[in-house]
Amino acid sequence: MFAALALTISLAVASRPHIVPKPIPYGPTRKAEMAAYAKKHYGIHSWRLHPRVIVEHYTGNNSFSSAWNTFAANTPDPELGELPGTCAHFIVDRNGRIYQLVRTDIMCRHTVGLNYVAIGIEHVGTSDAEVLRDRAQMRSSLALSAWLVERFHIRIRNVIGHSESLSSPYHRERYKPWAHQTHADWKHRDMMLYRGKLRVLLRAGA
């Protein structure tokens with residue numbers, strides 16, 4: 001009886017959370033741009049994603065619509081003028097609503113060195129601490145990450161913050177000036193807290 005109950009709880013935890021489709025334009029042209037980017041930076045001429053990593057981000061602002069518009073605009077990066085522009089697969093809003101912008105089998109440009117293998121999750125907010133304090137947002141974020149971990153058999157240690165990208169065993173960057181580039185969002189100490197909560201939710205080790 002207790003074993004059956006535990007199994008039921010485990011399956012419920014890893015179930016798909018409510019996700020609102022809000023796709024950005026990602027047609028053949030953007031896919032071709034992504035394939036060209038992947039060829040230059042990873043040696044892989046493809047836009048198809050086979051997820052092994054989840055990267056957590058925050059948007060740096062307080063507006064879902066602003067983040068969505070930025071990703072939809074497909075603006076070239078300021079350094080190399082490359083396309084496609086930045087994007088993420090999911091955005092978790094302040095009210096806990098999860099939006100999906102891009103299918104999980106398509107690469108998004110959100111983390112240098114890992115786009116070829118990583119799902120990107122953005123959180124509306126301006127700091128790790130702000131997101132960690134927001135119960136609704138964290139509840140949805142953890143539910144989403146847990147579901148993706150189960151779905152793609154991703155190890156919890158490969159659920160990382162953007163600032164941890166260089167330490168990932170999957171990190172690969174052929175363009176030398178970017179080989180050591182990363183960002184400050186979701187620092188290691190905050191991701192230790194996040195992964196701890198995720199382990200509890202999944203009832204599993206790393």
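Between a first residue in the stretch 132-147 that is touching a residue at least 60 places away in the same chain (Cβ under 8 Å) and a second residue that is surrounded by 22 or more Cβ atoms within 10 Å (Cβ to Cβ) and assigned to a helix (DSSP H, G or I), which pairs have beta carbons less than 7 Å apart while being 6 or more apart in sequence or on different chains?
The qualifying pairs do not exist here.
Looking at the stretch 17-55, which of its residues are under 13 Å from ASP105 (Cα atoms) and of a type in the set (Ser, Thr, Tyr)?
TYR26, SER46
Residues that are more than 17 Å from ALA67 (Cα to Cα), among the polar types (S, T, N, Q) and in contact with a helix residue (DSSP H, G or I) (Cβ under 8 Å, 6 or more places away or on another chain): does the stretch 134-146 have at least one? Quick ask: steps written out before the conclusion?
Initial filter on the stretch 134-146 (more than 17 Å from ALA67 (Cα to Cα)): 134-136, 138-140, 142-146.
This time we only want the ones that are among the polar types (S, T, N, Q), so: 140, 145.
Now drop any that are not in contact with a helix residue (DSSP H, G or I) (Cβ under 8 Å, 6 or more places away or on another chain), which leaves 145.
Within the stretch 134-146, one or more residues are more than 17 Å from ALA67 (Cα to Cα), among the polar types (S, T, N, Q) and in contact with a helix residue (DSSP H, G or I) (Cβ under 8 Å, 6 or more places away or on another chain).
Out of all the residues in the stretch 124-144, which are surrounded by 15 or more Cβ atoms within 10 Å (Cβ to Cβ) and over 14 Å from ARG97 (Cα atoms)? Spell out the reasoning first.
Taking the stretch 124-144 and keeping what is surrounded by 15 or more Cβ atoms within 10 Å (Cβ to Cβ), we get 124-125, 127-128, 130-132, 134, 137-144.
Listed by number, the residues that qualify are SER127, ASP128, GLU130, LEU132.
Return yes when HIS180 is more than 14 Å from the chain's Cα centre (by Cα), free of Cβ contacts under 8 Å to residues at least 60 places away in the same chain and outside any helix (DSSP H, G or I) and no when it is not. Give the derivation first.
Numbers: more than 14 Å from the chain's Cα centre (by Cα): yes; free of Cβ contacts under 8 Å to residues at least 60 places away in the same chain: yes; outside any helix (DSSP H, G or I): yes.
The answer is yes for HIS180.
Could you tell me whether ARG189 is part of a helix (DSSP H, G or I), among the basic types (Lys, Arg) and more than 14 Å from the chain's Cα centre (by Cα)?
Details: part of a helix (DSSP H, G or I): yes; among the basic types (Lys, Arg): yes; more than 14 Å from the chain's Cα centre (by Cα): yes.
Yes; evaluated as a whole, the condition is true for this residue.
Which condition does TYR42 not pass, out of (1) out of contact with any helix residue (DSSP H, G or I) (no Cβ under 6 Å at 6 or more places or on another chain); (2) closer than 26 Å to VAL124 by Cβ, if it passes all the others?
Unmet for TYR42, out of (1) out of contact with any helix residue (DSSP H, G or I) (no Cβ under 6 Å at 6 or more places or on another chain); (2) closer than 26 Å to VAL124 by Cβ: (2).
Among the numbered criteria (1) more than 16 Å from the chain's Cα centre (by Cα); (2) more than 17 Å from LEU142 (Cα to Cα); (3) touching a residue at least 24 places away in the same chain (Cβ under 8 Å); (4) surrounded by fewer than 20 Cβ atoms within 10 Å (Cβ to Cβ), which single criterion is violated by HIS50?
Failed condition: (1).
Every residue, every condition in (1) farther than 20 Å from THR86 by Cβ; (2) in a loop (DSSP other than H, G, I, E, B); (3) among the hydroxyl-bearing types (Ser, Thr, Tyr); (4) at pLDDT 95 or above, yes or no:
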site	(1), (2), (3), (4)
ALA136	yes, no, no, yes
LEU142	yes, no, no, yes
SER145	yes, no, yes, yes
GLU150	yes, no, no, yes
ILE154	yes, yes, no, yes
SER163	no, no, yes, yes
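Only one of (1) aliphatic (A, V, I, L, M); (2) assigned to a strand (DSSP E or B); (3) closer than 22 Å to GLN181 by Cβ is not met by ILE91, so which one is it?
(3)
Restricting to the stretch 53-69, name every residue that is closer than 21 Å to ARG30 by Cα and either without any contact (Cβ under 8 Å) to a residue 12 or more places away in the chain or over 16 Å from the mean Cα position of the chain (by Cα) (or both). Steps first, answer last, please.
First pass over the stretch 53-69, keeping only residues closer than 21 Å to ARG30 by Cα: 65-69.
Correct list: SER65, SER66, ASN69.
Quick one: count up the residues across the stretch 78-92 that are more than 21 Å from GLY27 (Cβ to Cβ) and buried (at least 23 other Cβ atoms within 10 Å of the Cβ).
Going through the stretch 78-92, the residues more than 21 Å from GLY27 (Cβ to Cβ) turn out to be 78-80, 92.
Right, trim to buried (at least 23 other Cβ atoms within 10 Å of the Cβ) and you get 92.
Residues in the stretch 78-92 being more than 21 Å from GLY27 (Cβ to Cβ) and buried (at least 23 other Cβ atoms within 10 Å of the Cβ): 1 in total.
Determine which member of the set GLU33, GLU79, GLU56 is closer than 28 Å to ARG174 by Cβ, touching a Phe, Trp or Tyr at 6+ places or on another chain (Cβ under 9 Å) and at pLDDT below 95. So that I can check it myself, show each step before the final result.
Working: GLU33 fails: at pLDDT below 95; GLU56 fails: at pLDDT below 95.
Selected residue: GLU79, the only one of GLU33, GLU79, GLU56 that is closer than 28 Å to ARG174 by Cβ, touching a Phe, Trp or Tyr at 6+ places or on another chain (Cβ under 9 Å) and at pLDDT below 95.
Quick check on my filter: what residues within the stretch 63-88 are part of a loop (DSSP other than H, G, I, E, B), aliphatic (A, V, I, L, M) and more than 16 Å from TRP47 (Cα to Cα)?
The answer is LEU80, and nothing else.
The values are calculated or read from the model by the stated rules, or taken from the named source; none is laboratory data. Note that the coordinates shown come from a computational prediction; the quantities given were computed from them, not determined experimentally. All Cβ positions, glycine included, derive from the backbone under ideal geometry; neighbour counts span all protein chains shown.
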